[in-house]
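The values are calculated or read from the model by the stated rules, or taken from the named source; none is laboratory data. As the structure is a computational prediction, the values presented were derived from the model and not from experiment. Note that we place each Cβ from the backbone using ideal geometry, even for glycine, and neighbour counts take in every protein chain shown. Just the protein is used for accessible areas: all its heavy atoms, side chains included, with ligands, DNA and RNA removed. Shrake-Rupley method; radii C 1.70, N 1.55, O 1.52, S 1.80 Å.
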Amino acid sequence: MQNKSLKILLADPHPVTRNGLRWVVTSSRFSNAELYEAGSVDEISRAMEQSPIDLLVTEVAQPDVDGVDWLLNVRTACPDAGIIVHSALDHDMLIHHLFRMGVRAFVAKHSEAFHLVEALLAVTSGNRYVASKRGAIDDFSTDVAGTKAMNYLGLTRRQQQLVGFLAAGN
């Protein structure tokens, strides 16, 4: 993806956060990208219907919806869009689940601004990126049951199995 033709949708229910995201993006090598903003899931849907986007930078916690469900709908509707979750919900199990759904990057809201730029660079290069309170989790793709993330929570082996069954829909 070339930066000049990138269409980036910045989605967060808080205007001050969207303004901050916009500032970080326009102050980086992505300054030539076309930026769109949305403050609700309805606005996100309308923006994505009006113009195909290349990247979605969003908070997973949106008012009045289950964040994981609506992100899954976004992934289904726009399979080629790179999704970067920028969230205060910095939990390893959530991050693991988001990556299994097709999210390409996670940047915790307490992270320094350069992490968002790094996530944009990674996703536009076809890679993944994580900036979390515990740093990067080694490899989401091979950790199918989320064992590493569940170990942080102190779950027993049996509890980990049950969570794995639930995550797989069993």
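Residues T58, T76, T26, T17 ordered from highest to lowest accessible area at a 1.4 Å probe: T76, T26, T17, T58.
Highest mean packing comes first when the peptides 120-128, 95-103 are listed by Cβ atoms within 10 Å, giving 95-103, 120-128.
For Y129, the accessible surface of its heavy atoms amounts to roughly 50 Å² (probe 1.4 Å, protein chains only, rounded to the nearest 10). A viscosity of 0.692 mPa s and a temperature of 37 °C, combined with the Kirkwood radius over Cα pairs in Stokes-Einstein, give a translational diffusion coefficient for the range 78-126 of 296 µm²/s. Extension gain, K133-H91: 0.36 nm per intervening residue step, less the Cα-Cα distance, totals 14.3 nm. About its Cα centre, the dipole of the range 28-116 is roughly 300 debye, where the only charges are +1 on Lys and Arg Cβ and -1 on Asp and Glu Cβ. Here the gap between Q50 and L72, fully extended at 0.36 nm per residue and compared with their Cα-Cα distance, gives a gain of 6.0 nm. Protein heavy-atom accessible surface, 1.4 Å probe, per residue over the range 18-125: 46 Å². Surface composition of the range 11-96: carbon and sulfur make up 51 percent of the accessible area, probe 1.4 Å. Looking at the range 20-124, the GluC sites (Glu not before Pro) that sit in a DSSP loop and have at most 16 other Cβ atoms within 10 Å of their own Cβ are E112.
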